[in-house]
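The values are calculated or read from the model by the stated rules, or taken from the named source; none is laboratory data. The shown structure was predicted, so the numbers you read here are calculated from the model rather than taken from an experiment. In this analysis, Cβ positions are derived from the backbone assuming ideal geometry, glycine residues included, and neighbour counts consider all displayed protein chains.
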Amino acid sequence: MIWLYLLAALILINSGYYLLFLRYTASKAPMVVRAKDYPVSVIVCAKNEADNLKRHIPLWLEQDYTDFELIIIDDASYDGTKEVIESFEAQDPRVVLVTVTNNEAFWSNKKYSLTLGIKKASHQRLLFTDADCKPASPNWIRSMTNSLNDETSLVLGYGAYQKLPGFLNTLIRYETLSTAVQYFSYAKAGMPYMGVGRNLSYTSKLFYQQSGFMAHMNIRSGDDDLFVNQAATSGNTSIQDAADSFTISIPKTSWKEWSMQKRRHITTAKHYKPSHRFLLGLYYLSNIGFWIVAALALLLADWRLAVGLIGIRLLLQLITTWKAAKRLNEIGIWPFTPFLELVLVCFQFVIYLSNSISKPKSWK
């Protein structure tokens, strides 16, 4: 019976998290109200992104917004990135080039490069995305910056990944959906802890109040989530997940590339606030523990009771994921949620082991 009790305890913990997520997914999506187009600085840091910039600069410039500048930072590229930016800069006065050269102190440090871009910005409202991201609609700038004001100085957005054939792409989109549900739910509950640089906005006032990235400049990654973890509060943070506010990124197409990307991301989590580390760690441990104990309960206890308990947990998980997938336009993923979660928790365990052996490389 001990395995059934342990299984029930893990399911109870899981259920607490799912109820937290349902508080977000069952709420009304924020509306995008067309108000005055306050000046906005869109900031993109690009390192060896010539091809992506050729595709995406026209899309950024086609935004249905009357007053914005597009600051693109050439972060010591060697593939023609600077030349691509210069060509658009010559055609459109909204395009502003910031050039970064490598030096001993800040070799390939994205935070340093972003700081130079922010200092170059002419406007108080800042909107960030990556060179491999395209806006999902012409209203992206308005959607992501409309709620910035004296009280709300940080807005968390959703950075989706392009749908492509193959299991890896499905897993990447599931992981992205799952992560977004968590940081949106925590923010909705007054505990914002992270955001993604693919789609994030905040004010320059907030940036300077926090002394920029200085608190974690020595950490290779975290220009997005560590800054949010440091600066976000229940009073100054809002979420925006209307479809017009999405960005769509080009996903990794090989397991090696994706694992390197996740290794860099995971290294930042240990620098979160202790309460956030505890809640996120408990969520992961309860998930991986559920699968282990569920298998043991089926083998070593009354399998009929074990099946009933497992069924309750999976049903709650499927309902939560269905609501989230519907809200974030990933509806094709939810029927495979249990299998995708199992693969993901195993993959994350391998990543943790890899990071304990060797440190991942810098952002590019």
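Among the candidates ALA325, ALA297, single out the residue that is within 25 Å of the chain's Cα centre (by Cα) and crowded, with 20+ Cβ neighbours inside 10 Å.
None of the others qualify; the one that does is ALA325.
All but one of (1) more than 30 Å from ASN102 (Cβ to Cβ); (2) in a helix (DSSP H, G or I); (3) within 21 Å of the chain's Cα centre (by Cα) hold for LEU19, so report the exception by its number.
Going through (1) more than 30 Å from ASN102 (Cβ to Cβ); (2) in a helix (DSSP H, G or I); (3) within 21 Å of the chain's Cα centre (by Cα) one by one, LEU19 breaks only (3).
Are any residues in the stretch 35-57 touching a residue at least 12 places away in the same chain (Cβ under 8 Å) and surrounded by fewer than 20 Cβ atoms within 10 Å (Cβ to Cβ), and if so, which ones?
Hits for the stretch 35-57 are ALA35, ASP37, TYR38, PRO39, ASN48, ALA50, LYS54, ARG55.
Test each condition in (1) assigned to a helix (DSSP H, G or I); (2) touching a helix residue (DSSP H, G or I) at 6+ places or on another chain (Cβ under 9 Å) for GLY311 and report the one that comes out false.
(2)
Does the stretch 245-261 include one or more residues that are surrounded by 18 or more Cβ atoms within 10 Å (Cβ to Cβ), part of a helix (DSSP H, G or I) and of a type outside the set (Gly, Ala, Ser)?
Scanning the stretch 245-261 turns up at least one residue that is surrounded by 18 or more Cβ atoms within 10 Å (Cβ to Cβ), part of a helix (DSSP H, G or I) and of a type outside the set (Gly, Ala, Ser).
Conditions first: (1) modelled with pLDDT of 95 or more; (2) in a helix (DSSP H, G or I); (3) not acidic (Asp, Glu). MET194 passes all but one, so which condition is the exception?
Unmet condition: (2).
Consider SER41 carefully, then state whether it is part of a loop (DSSP other than H, G, I, E, B) and either under 30 Å from GLY311 (Cα atoms) or modelled with pLDDT of 95 or more (or both).
Considered against the rule, which asks whether it is part of a loop (DSSP other than H, G, I, E, B) and either under 30 Å from GLY311 (Cα atoms) or modelled with pLDDT of 95 or more (or both), SER41 comes out as no.
Starting from residues that are charged (D, E, K, R) and farther than 19 Å from GLU341 by Cα, keep the ones in the stretch 146-193 and report whichever is surrounded by the most Cβ atoms within 10 Å (Cβ to Cβ).
Looking at residues that are charged (D, E, K, R) and farther than 19 Å from GLU341 by Cα, I get LYS188.
Only residues in the stretch 69-81 that are in contact (Cβ under 8 Å) with a residue 24 or more places away in the chain count as the first member; pair them with residues that are among the basic types (Lys, Arg), Cβ under 7 angstrom, at least 6 apart or cross-chain, and list the lot.
These pairs meet every condition: GLU69/ARG94; LEU70/ARG94; ILE71/LYS120; ASP74/LYS82; ASP75/LYS47; ASP75/LYS110; ALA76/LYS47; SER77/LYS47.
Please go through the stretch 127-145 and give me each residue that is crowded, with 24+ Cβ neighbours inside 10 Å, within 16 Å of LEU61 (Cβ to Cβ) and among the polar types (S, T, N, Q), ordered by number.
Hit for the stretch 127-145 is THR129, nothing else.
Condition (residue is under 30 Å from LYS119 (Cα atoms), of a type in the set (Phe, Trp, Tyr), at pLDDT 95 or above and in a loop (DSSP other than H, G, I, E, B)) applied to the stretch 152-173: is it met by at least one residue?
Within the stretch 152-173, one or more residues are under 30 Å from LYS119 (Cα atoms), of a type in the set (Phe, Trp, Tyr), at pLDDT 95 or above and in a loop (DSSP other than H, G, I, E, B).
What do you reckon, is TYR208 surrounded by fewer than 22 Cβ atoms within 10 Å (Cβ to Cβ) and of a type outside the set (Gly, Ala, Ser)?
Considered against the rule, which asks whether it is surrounded by fewer than 22 Cβ atoms within 10 Å (Cβ to Cβ) and of a type outside the set (Gly, Ala, Ser), TYR208 comes out as yes.
When you check LEU299 against the structure, is it at pLDDT 95 or above, assigned to a helix (DSSP H, G or I), under 24 Å from LEU6 (Cβ atoms) and not polar (S, T, N, Q), yes or no?
So LEU299 fails the test.
From the list GLU62, GLU89, which one is touching a residue at least 40 places away in the same chain (Cβ under 8 Å), within 30 Å of ASN149 (Cα to Cα) and of a type in the set (D, E, K, R)?
After applying the criteria, what remains is GLU62.
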